[in-house]
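Notes follow once the structure below has been shown.
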C-alpha cells in the first residue's frame with residue numbers, strides 16, 4: 001500500500017500551496033514520471049491513472065511515437081506565429097479534417113479557446129447568413145454544462161461556483177435542461193443561431209443523455225435553421241468507444257470542437273472544425289492565436305491522430321469500458337446509487353462524498369477524482385489492458401468496503 005504522506009511528498013505539496021494560487025483541490029499525489037496507464041510518485045510508488053489528465057492522455061502517458069515527433073520537430077523549429085506559414089500546419093489540418101470529415105479547421109491551443117472560436121463563428125453566421133439583427137444572436141446551452149473557464153463561457157454555465165463574483169456576464173445565452181428535447185424546441189426563437197452541447201457531460205458528473213436525445217436535438221436544429229455545435233473536447237478521439245460521441249447517434253455537428261487528446265498528452269492543441277461555407281465567414285484579422293497551429297503543436301497532433309486511428313483506440317475503449325462497467329456494477333454496495341457512462345468515460349454516483357472513495361483508492365494505488373461531490377470518475381487512458389483492469393476492479397472492491 002503506497003504512502004502518500006511522506007516528508008518528500010509534503011515538501012512538494014507545501015511548495016504548491018505556498019507559491020501557487022489555490023484554484024484547484026488536487027489529490028496529494030506528486031507525480032514524478034509516467035508511462036502508459038501508470039504514474040510514479042516522488043517516492044517511487046506506482047499508481048493506476050484513472051484521470052488521464054481529464055482525457056488529454058487517451059493515448060497513454062509518454063507514447064513513444066508522439067514523443068519522437070515532439071523531439072524531432074523541436075530540433076527544427078517550434079514557433080513561427082501565424083504571421084508566416086510553416087511546413088507542418090497544413091499537413092496536420094489535412095489529417096485532422098480527413099479523420100473528422102470536415103472541410104476546414106481553425107487550430108487553437110486550449111479547449112476554452114476552441115469553444116470561444118465556435119461561439120464567435122456561430123454568431124457571425126447568425127448575423128451574416130441567418131439575418132439576425134446585430135447583437136441579438138442567442139445560443140442555447142444546457143444545465144450542468146462545462147465548456148471552460150473564460151468570462152464568456154462561464155456566462156453560459158449554470159454552476160454557481162463557476163460564476164460567483166465573476167460578473168457582469170456575457171449576454172446571449174439561453175438555458176435549457178439537459179436531456180429535455182421538448183424544452184429545447186420551446187426555447188428556440190428567430191434569434192437562435194446555435195445550440196452548444198456536450199454529447200455526454202463529463203465535468204457535470206458523467207451524465208449520459210436519454211436515448212435519442214442527441215439525434216432529436218440535431219434534427220430540431222435542422223428544422224429551425226440553427227447550428228449544432230458539439231463540444232467533444234473530453235468525449236472525442238475514442239473516449240466514449242466511438243471516434244466521437246456524436247457517432248453513437250450518427251449525428252454530424254455543424255461545428256465540432258476538439259482538444260485535450262489532440263495533443264497526445266504532450267502539448268496543448270485544440271481546434272474548431274466546420275465545412276467551407278461556414279468557416280470562410282472568418283476573414284483575415286477576425287480571429288487568431290499566436291501559438292495556434294504552430295509547427296511543434298502540429299507535429300505532435302499529427303502523431304497523436306495517427307496513434308488514435310492506427311492503434312484502434314476507440315474500439316479498445318469500447319472493450320475496456322464494457323469490462324470495467326460490468327465489474328463495477330457487479331460490486332454490490334448500498335453506497336453506490338448508479339454506475340453510468342460509455343466507453344472509458346465512467347461515473348460512479350455515491351450516497352456519500354466521492355472524495356472519500358477517491359482517497360481510499362489512492363491509498364491503494366489508484367488515482368481517480370471526484371466531481372460534483374457525489375460522483376467519482378473512472379477514465380483511464382484508452383490503452384489500459386486486462387491486467388490493469390483487474391487491478392482496478394480488485395482495488396475498487398477493497399476501497400469501497402472501507403467506507
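Worth pointing out:
- Highest average packing first - 290-299, 311-320, Cβ atoms within 10 Å: 290-299, 311-320
- Distance between modelled label sites at residue 25 and residue 72, nm, 7 Å Cα→Cβ extension: 4.5 nm
- Spin-label pair residue 211-residue 401: with each label point 7 Å from Cα along the Cα-Cβ axis, the two points sit 3.6 nm from one another.
- At full extension, residue 222 and residue 247 could sit 7.3 nm farther apart than now, given 0.36 nm per residue minus the alpha carbon distance.
- Calculated FRET value between residue 165 and residue 17, using beta carbons and R₀ = 25 Å, to 0.05: 0.65
- Against the main long axis of the alpha-carbon atoms of the chain, helix 111-125 sits at an angle near 20°.
- Cα pair distances in the chain, grouped into 10 Å bins until the bin that holds the longest one, percent each: 5, 22, 31, 27, 13, 3, 0
- Value of relative contact order over the chain, rounded to a whole percent, pairs C-alpha under 8 Å and six or more apart: 24 percent
- Angle between the chain longest axis and helix 313-330 axis [Cα atoms, degrees, rounded to 10]: 50 degrees
- Calculated [θ] (222 nm, deg cm²/dmol) that DSSP helices of n ≥ 4 give over the chain, each run adding -39,500 (n - 2.57): -10500 deg cm²/dmol
- Whether the stretch 1-88 is rounded, prolate or oblate, judged on the alpha carbon gyration tensor where a/c under 1.5 counts as rounded: prolate
- For the stretch 66-171, alpha-carbon Rg relative to the globular expectation (2.2 N^0.38 Å, N residues): 1.39
- The stretch 52-121 - Debye-derived log10 I(q)/I(0), Cα point model, q = 0.14, 0.17, 0.22 Å⁻¹: -0.61, -0.93, -1.39
- Sorting the segments 383-391, 240-248 by their residues' average number of neighbouring beta-carbon atoms within 10 angstrom, most packed first, yields 240-248, 383-391.
- Chain lengthening between residue 82 and residue 185 when straightened (0.36 nm per residue, less Cα-Cα): 33.0 nm
- Segment residue 103-residue 322, length gained on full extension (0.36 nm per residue, minus Cα span): 75.5 nm
Every number in this text was worked out from the coordinates using simple rules, so none of it is lab data. Fair warning: this is a prediction, and the values are worked out from it, not measured in the lab. All Cβ positions, even for glycine, are placed from backbone atoms using ideal geometry, and neighbour counts span all protein chains on display.
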